[in-house]
Amino acid sequence: MPESGAAVPIRAPEALRKKLAKIGLHSEADLLVHLPLRYEDETRITPVAHAPWGEPVLVEVVVSASEVQFRPRRQMVVRALDESGELTMRFFSFYPSQQAALAVGARVRAFGEVRGGFFGAEMVHPRFHKVRDDEPLPDEMTPVYPTTAGVANSALQKLIGRALEAGDLSDTLPEELRKRLKLPALARSLRFLHRPPPGTDLDTLHARNHPAWRRVKFDEVLAQQLCLRRAYLARREQGAPVLVARDDLGARLLDGLPFALTGAQLRAMAEIAGDLAQPYPMQRLLQGDVGAGKTIVAALAACQAISAGWQAAFMAPTEILAEQHYLKLKSWLEPLGVKVAWLSGSLKSKARRAQLAATAADAQLVVGTHALIQDGVDFARLGLAIVDEQHRFGVAQRLALRKKGANPHQLMMSATPIPRTLAMSYYADLDVTVLDELPPGRTPIKTRLVADSRRADVVGFVSKLVEEGRQAYWVCPLIEESEALQLQTAEETFAQLTADLPKLRIGLVHGRLKGDEKQAVMAAFAAGEIDVLVATTVIEVGVDVPNASLMVIEHAERFGLSQLHQLRGRVGRGQYESSCVLIYAGPLGEIARQRLKIIFENTDGFEIARQDLQIRGPGEFVGSRQSGVPLLRYADLEMDADLVEMAREVAEDMLRQAPAQAERHLKRWLGTREELLKS
Ligand code: ADP
Ligand code: MG
C-alpha cells in the first residue's frame, strides 16, 4: 500500500471488489481514471419513424402486442408504438421478469440500433426499462466502461458516479502551468468524460480529440515520465565503481587499429568515458545503425574498466555473434596483455570449468552468451556490463548480468533504431548515445526485388560474383510456425544450391547445429573457405565478414522490416560493391507489399524504423523491454507525440520543484501499478 495519502479503497461488497481488482481497479482513485470507452445518448427520445437505421437511439413506446414464437427459434417478439410509428423488438433470450415488464400497455424506453426488419423498424435485444409517469430523461450521456465479464457496466457507472461526488479530484498541475499548456482543469475534465452533458458531440469524444481527453492523456504521459525520470535520479544515489584508466590500454588499442574512429565514435567514446568515471552507475544505450561500428566503442569502454582494475563482461544474444565478438576482442586485446575469457552454453565441462575459474579470478574481459548470467558464474570484480543487441534480451536478463557485480556500469547496444517519441517513452530512464555516422568507404548496398520465378537468374548472379572472388549469404525463408520446417527448408535450399552450383563451396548454418559446428562453419566462411553460406536467421545480428558482398533473402515477404534491414546490413562491410536481392513470392499481402517497398527505397535504419512504426505500432518494437508504454491506456505515442515532449519537460521541473505534487500525481495515475515499471 502507498505510504502517503493512503488510497481510499472502493466501497463495494467483497465479491465485486475482487472482480474490480482483476481489471486493475483497487481504489477510488483508480475508478476516477477508469474512463469510458464510448457513450450512449439516452438524453433525448427519437421518434420511431425518424430513427436513422444502424445508429443507436432511445425510443419511448407503448407495447401493443407481445408473444413468444418458436420459429425459426424461440424468441419473444414485442410490437410497440409511439406517435410516429411502429417498432418490433425481438429477444432471443429473456427472463420471465422481462416478459412481464413488456406486457401489453406497458410504456418503456428502449435503447438500441434500429434496423429494417420484416415488419418495418426493428430492434434486436434493446436495453429497456419501464418508465414511470413523468420520468425525466437523464441529463448526461451514458458512459460505457471497459470492463470484463463479471462486472456490469451499470455497477461501474454507480461506483464511479459515487467516486466523482466524494473522491479527490484536486489538480496536481499548478494553475499557471495548466494555463500555459492550455489544458483544462482535471476535475472538470474527468467529470466531463465520465458524464458528458446532453448535446455533446460524440464523434469528437470517441475520437478522443476533446480537450478533456488531452488533459487526461497528458496526465497519464506525465506519470510515465515522472516514473522513469525518478528511477533515473534514484540510480544516481547508488554508488558504483569509479573507473578511471590507470594506464594507456585504450590508446594502445586505438594505435593498433587499421582505421581511425569516426567523429561519432569519438563522441560516443568520450561520453561513455565520462560516465564510467562517475561514482554512480552508467546506464547508457548506444544506438547505431547496422555497421556503424559499435563494437570498437564497447571495446574501448572495456579497456577503461580493465585499466582501472575492474572486469568487463560482454554479452551477446546468439552463439555465433558472441563467438565472433570473442574472437575479435581477443585479437585486439590479448596482444596488449589482457586476459579474455569465453563462456557459452556449448562449452564442454572441462573447458567451462577453466573459464569459470578465470572469470572468478583474473580474467579481465569475459565474453559470452546467456551463459554469462547463469547461476554458478561468479565474477571477481565486475565493473562494466556490456549487452550487445540489447533488444534481444529481457529486462530480467539484463538485470541478472548487472547482479553479477556490485552495481556495475552498464552499456547497452542496439542497431534497432527507435523513433524519437518511442525512445522518449521507453528509454527515458536511460542516457542515449547515437552513432549517426557510418565509417567511411562503405559502398552503398544496392537492393533488388526479384520474383521467385526468376530464381535461376539469381543463382547465375551468385556464380559470377564468386568467380570475382566475393562471397554470398543465402538466407532461407522464415517459417515462424515450425522450427523443424525451417530447418528442412534450409537443408533443401542447401541441397538445391549444391546441385545448381557444383563448382562452388556451399556451407550451411542453422540454429540446430551444435555450438562448435556452428563456429566451424562461420570460421570457414570468414576465412573464405566457403563461397556461399546458406543460413537461417541465426546470422541476422552482428555477423561481420567484409568479403561477403551479396545477401540473398528468399521469401523476403515473410520477414519483418527490422529483420530485413539487419540481414541486409551483413553486406556492404568491405570495399566491394554490395547488393541485397530480395526474392519474393506473390501474391503479396498489403503489409508485405508496403514492407518491401520501404526496404527497397530506404537504407537509413531510422527512416525504416519510423515507417515500420507506422505500419505496426510500437508494441513489437522494443522487444521485451518492459517499461512505461504498457502503462499508457489513453495516450498514443504517435498521435500524442507533442504531449510526450511537454510531459518530459514538466516531469523534470516537477521532481525538482514540487516533489510532493509529483508523488501525488504518480499515486493517482499509477497507484499500485508503479511496481511494474521498476526493473
Ligand atoms: P555494428 O555497429 O553493426 O556492431 P561493427 O562494430 O560490427 O558494427 O563494425 C562493422 C565493421 O566496421 C567492422 O568490421 C569494424 O571493424 C569496422 N569499423 C568500425 N569502425 C570503423 C571505422 N571508424 N572505420 C572503418 N571501419 C570501421
Ligand atoms: Mg554489432
Determine if the range 35-47 includes at least one residue that is outside any strand (DSSP E or B), of a type in the set (A, V, I, L, M) and touching a strand residue (DSSP E or B) at 6+ places or on another chain (Cβ under 7 Å). yes
For the range 332-344, state whether one or more residues are out of contact with any Gly (no Cβ under 8 Å at 6 or more places or on another chain) and modelled with pLDDT under 95. no
What is the residue count in the range 278-327 for residues that are modelled with pLDDT of 90 or more, away from ligand 1 (no atom under 12 Å from the Cβ) and of a type in the set (S, T, Y)? 3
Are there any pairs with C-beta distances below 6 angstrom linking a residue in the range 593-618 that is at negative phi to a residue that is at pLDDT 80 or above and among the acidic types (D, E), with the two at least 6 apart or on different chains, and if so which? G605/D289
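Here's the yes/no breakdown for (1) farther than 27 Å from A322 by Cβ; (2) away from ligand 2 (no atom under 16 Å from the Cβ):
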{"residue": "P546", "(1), (2)": "no, no"}
{"residue": "V552", "(1), (2)": "no, yes"}
{"residue": "R558", "(1), (2)": "no, yes"}
{"residue": "G569", "(1), (2)": "no, no"}
{"residue": "G572", "(1), (2)": "no, no"}
{"residue": "Y584", "(1), (2)": "yes, yes"}
{"residue": "L588", "(1), (2)": "yes, yes"}
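Quick one: which strands (runs of 3 or more DSSP E) sit completely within the range 118-193 and have at least 1 residues that are aliphatic (A, V, I, L, M)?
Because the criterion is at least 1 residues that are aliphatic (A, V, I, L, M), the strands (runs of 3 or more DSSP E) in the range 118-193 that meet it are 120-124, 142-144.
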Of (1) within 13 Å of ligand 2 (Cβ to nearest atom); (2) among the acidic types (D, E); (3) surrounded by fewer than 16 Cβ atoms within 10 Å (Cβ to Cβ), D289 satisfies every one except (3)
Would you please name the residue that is surrounded by the fewest Cβ atoms within 10 Å (Cβ to Cβ), looking only at residues in the range 265-283 that are closer than 24 Å to S331 by Cα and among the small types (G, A, S)? A270
Filtering the range 582-607 for residues that are crowded, with 22+ Cβ neighbours inside 10 Å and either touching a strand residue (DSSP E or B) at 6+ places or on another chain (Cβ under 6 Å) or of a type in the set (V, I, T) (or both) leaves a count of 3
Would a scan of the range 68-88 turn up a residue that is in contact with a helix residue (DSSP H, G or I) (Cβ under 7 Å, 6 or more places away or on another chain), in contact (Cβ under 8 Å) with a residue 40 or more places away in the chain, among the polar types (S, T, N, Q) and in a loop (DSSP other than H, G, I, E, B)? no
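Right, Q364: assigned by TED's automatic domain parsing to the domain that holds L253, more than 16 Å from ligand 1 (Cβ to nearest atom), more than 28 Å from E652 (Cα to Cα) and surrounded by fewer than 20 Cβ atoms within 10 Å (Cβ to Cβ) or not?
No; evaluated as a whole, the condition is false for this residue.
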One residue is enough: does the range 95-104 have a residue meeting the conditions within 16 Å of I45 (Cβ to Cβ) and out of contact with any His (no Cβ under 7 Å at 6 or more places or on another chain)? no
Answer residue from the range 498-551, given it is basic (K, R) and surrounded by fewer than 16 Cβ atoms within 10 Å (Cβ to Cβ) and is farthest from ligand 1 (Cβ to nearest atom) among those: K503
Which condition from (1) over 30 Å from the mean Cα position of the chain (by Cα); (2) at pLDDT below 90; (3) over 23 Å from Q661 (Cα atoms) is the one that K22 breaks? (1)
For L253, are the conditions met, namely being away from ligand 2 (no atom under 16 Å from the Cβ), of a type outside the set (G, A, S), in contact (Cβ under 8 Å) with a residue 12 or more places away in the chain and crowded, with 21+ Cβ neighbours inside 10 Å? no
Is at least one residue of the range 375-383 surrounded by fewer than 23 Cβ atoms within 10 Å (Cβ to Cβ), modelled with pLDDT under 95, of a type outside the set (A, V, I, L, M) and not in a strand (DSSP E or B)? yes
All-but-one check, R625 against (1) over 15 Å from V475 (Cβ atoms); (2) touching a helix residue (DSSP H, G or I) at 6+ places or on another chain (Cβ under 9 Å); (3) within 16 Å of ligand 1 (Cβ to nearest atom); (4) at pLDDT below 90, failing number (3)
What single numbered condition from (1) part of a helix (DSSP H, G or I); (2) within 16 Å of W474 (Cα to Cα); (3) modelled with pLDDT of 90 or more fails to hold for R595? (2)
Say whether the condition of being farther than 24 Å from A520 by Cα and without any contact (Cβ under 8 Å) to a residue 60 or more places away in the chain is met by at least one residue in the range 330-348. yes
Determine, yes or no, whether A322 is within 16 Å of ligand 2 (Cβ to nearest atom), in the same structural domain as G394 (by TED's automatic domain parsing) and crowded, with 23+ Cβ neighbours inside 10 Å. yes
Looking at the range 399-410, can you tell me whether even one residue there is under 19 Å from the mean Cα position of the chain (by Cα) and within 30 Å of A647 (Cβ to Cβ)? yes
Restricting attention to the range 501-544, and to residues there that are of a type in the set (G, A, S) and within 20 Å of V458 (Cβ to Cβ), which single residue is nearest to ligand 2 (Cβ to nearest atom)? A535
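For the range 205-232, give me each residue that is assigned to a helix (DSSP H, G or I), of a type in the set (G, A, S) and modelled with pLDDT of 85 or more.
Initial filter on the range 205-232 (assigned to a helix (DSSP H, G or I)): 205-206, 211-232.
Filter once more, so that each one left must be of a type in the set (G, A, S): 212, 223, 231.
Matches in the range 205-232: A212, A223.
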From V434, V395, V387, V367, which residue is more than 27 Å from V552 (Cα to Cα), out of contact with any helix residue (DSSP H, G or I) (no Cβ under 7 Å at 6 or more places or on another chain) and within 16 Å of ligand 2 (Cβ to nearest atom)? V434
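The values are calculated or read from the model by the stated rules, or taken from the named source; none is laboratory data. Please read all numbers here as calculations on a predicted model, not as lab measurements. Cβ atoms come from the backbone with ideal geometry, glycine included; neighbour counts cover every protein chain shown.
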